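S.K.: Following this message is one structure expressed as structure tokens.
The values are calculated or read from the model by the stated rules, or taken from the named source; none is laboratory data. Worth saying up front: this structure is predicted, and the values here are computed from it rather than measured. Cβ: placed from backbone, ideal geometry, glycine included. Neighbour counts: every protein chain shown. Protein only, heavy atoms only, side chains kept; ligands, DNA and RNA dropped before computing areas. Shrake-Rupley method; radii C 1.70, N 1.55, O 1.52, S 1.80 Å.
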Amino acid sequence: MKKYFKYFAYISFVFLAIALIRADFLRMPQVRSWGSLIIAFVLAFGGFISQGLSWGKTLELHGIKTSKKEYIASTGLSIFGKYIPGKIWIILGRAGYIAARTGASEKDLGIISLKCQFISLWIGILAGMPILFIYEQFQMWAWLGVLFWLGLTFVLFTDLFSNLVEEAFKRILKMNLDIPRLSVADTIKVLPWFLATWLLWGFGFYFFGSSLVGGSLGLFSAFGFILSATLGIVAVIAPGGLGVREGVLIPFLMLTGLSKNDAGTVAMSSRLWFLIGEALIFLTAFVINRNLKQEANADGARVE
């Protein structure tokens, strides 16, 4: 991957374009509050910065020496890899970038990157799930969510359950599955960064929805977005969670008081809001990466 990282970025753009054209998500909604919309974009961008920082903090725990510029660049330049079917390319993309910059093992970095994805999923479910208990219609799903989160906790943090799952995959699906083991102590150390990422995105969604429908959007919608986004991560088939997130958001937003039309507008348009946030972190990463290359070239010239 590290040898072909630039081609990976180009390919991810192609799959992003194909997915968005097929899904027809690029519709401009009517904006009622530009102030709320600006706040929404700032929070979305802040969430991506926090995502890069959480990746960097996890690297530091594993003894990988790198800079904030490098792990934000690796996050931003690989951000569109989520739209390539398979769900692994964004994980491999940031690992490949750091491997190329540091010379560290790409395999080890891939495992660390996968750990980040599991921690993000684990914390996202924990942050979004309580909202289900507030609405009676969702309480059955809430208890199922609790069971899923507890199961994920046992699988990620205990050898016994992870070994059972790996053995089940091997015997039933004839697949070799290597689940990364997480340390409770290490997870607690990086938890604030992952939680900050989800909260920034969640409240960014709240302000985005408010910019379209005004004050009729409840604050709890932030946690509804977090939950729907984690389900988008779990969905293996849909690239980048396209369609999954929106499908969960619409009925939830209707329960919070929005009409079916407004709920559909907010849910479908949120893809464009989030995509612009992804584009902003990609451009930021592009500039950082170019500066890093210039610095490396300048250092090389001075050595000569």
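S.K.: Name every residue in region 70-121 that is more than 25 Å from E295 (Cβ to Cβ) and of a type in the set (G, A, S), in order of residue number.
M.R.: Passing the criteria: G81, G86, G110, S120.
S.K.: So which of L227, L217, L272, L255 ends up being surrounded by 23 or more Cβ atoms within 10 Å (Cβ to Cβ), of a type outside the set (D, E), at pLDDT below 90 and more than 30 Å from L59 (Cα to Cα)?
M.R.: Testing whether each residue is surrounded by 23 or more Cβ atoms within 10 Å (Cβ to Cβ), of a type outside the set (D, E), at pLDDT below 90 and more than 30 Å from L59 (Cα to Cα) leaves just L217.
S.K.: Now for a separate question. Restricting to region 258-269, give me the number of residues that are within 25 Å of I90 (Cα to Cα) and either open to solvent by less than 60 Å² (accessible area, probe 1.4 Å) or within 15 Å of the chain's Cα centre (by Cα) (or both). So that I can check it myself, show each step before the final result.
M.R.: Within region 258-269, the first condition is being within 25 Å of I90 (Cα to Cα), and the residues that meet it are 267-269.
In the following step, the residues that additionally are either open to solvent by less than 60 Å² (accessible area, probe 1.4 Å) or within 15 Å of the chain's Cα centre (by Cα) (or both) were identified as 267, 269.
Of the residues in region 258-269, 2 are within 25 Å of I90 (Cα to Cα) and either open to solvent by less than 60 Å² (accessible area, probe 1.4 Å) or within 15 Å of the chain's Cα centre (by Cα) (or both).
S.K.: Separate question: Could you tell me whether T75 is among the hydroxyl-bearing types (S, T, Y), in contact with a helix residue (DSSP H, G or I) (Cβ under 7 Å, 6 or more places away or on another chain) and part of a loop (DSSP other than H, G, I, E, B)?
M.R.: no
S.K.: Quick one: count up the residues across region 123-153 that are within 20 Å of the chain's Cα centre (by Cα) and small (G, A, S).
M.R.: Selection size over region 123-153: 4.
S.K.: Taking region 35-61 as the region of interest, how many residues are open to solvent by 30 Å² or more (accessible area, probe 1.4 Å) and either within 27 Å of G214 (Cα to Cα) or of a type in the set (S, T, Y) (or both)?
M.R.: So the answer is 7.
Residue-wise test of (1) among the aromatic types (F, W, Y); (2) open to solvent by less than 60 Å² (accessible area, probe 1.4 Å); (3) under 24 Å from E278 (Cβ atoms).
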{"site": "G63", "(1), (2), (3)": "no, yes, no"}
{"site": "T66", "(1), (2), (3)": "no, yes, yes"}
{"site": "K69", "(1), (2), (3)": "no, no, yes"}
{"site": "L77", "(1), (2), (3)": "no, yes, yes"}
{"site": "Y83", "(1), (2), (3)": "yes, yes, yes"}
{"site": "I90", "(1), (2), (3)": "no, yes, yes"}
{"site": "I111", "(1), (2), (3)": "no, no, no"}
{"site": "L114", "(1), (2), (3)": "no, yes, yes"}
{"site": "I123", "(1), (2), (3)": "no, yes, yes"}
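S.K.: So I237 fits all but one of (1) open to solvent by 60 Å² or more (accessible area, probe 1.4 Å); (2) under 17 Å from I90 (Cβ atoms); (3) modelled with pLDDT of 90 or more; what number is the exception?
M.R.: Every listed condition holds for I237 apart from (3).
S.K.: Which one of these is aliphatic (A, V, I, L, M), within 30 Å of K68 (Cα to Cα), open to solvent by 30 Å² or more (accessible area, probe 1.4 Å) and at pLDDT below 85: V287, V303, V244?
M.R.: On inspection, the qualifying residue turns out to be V303.
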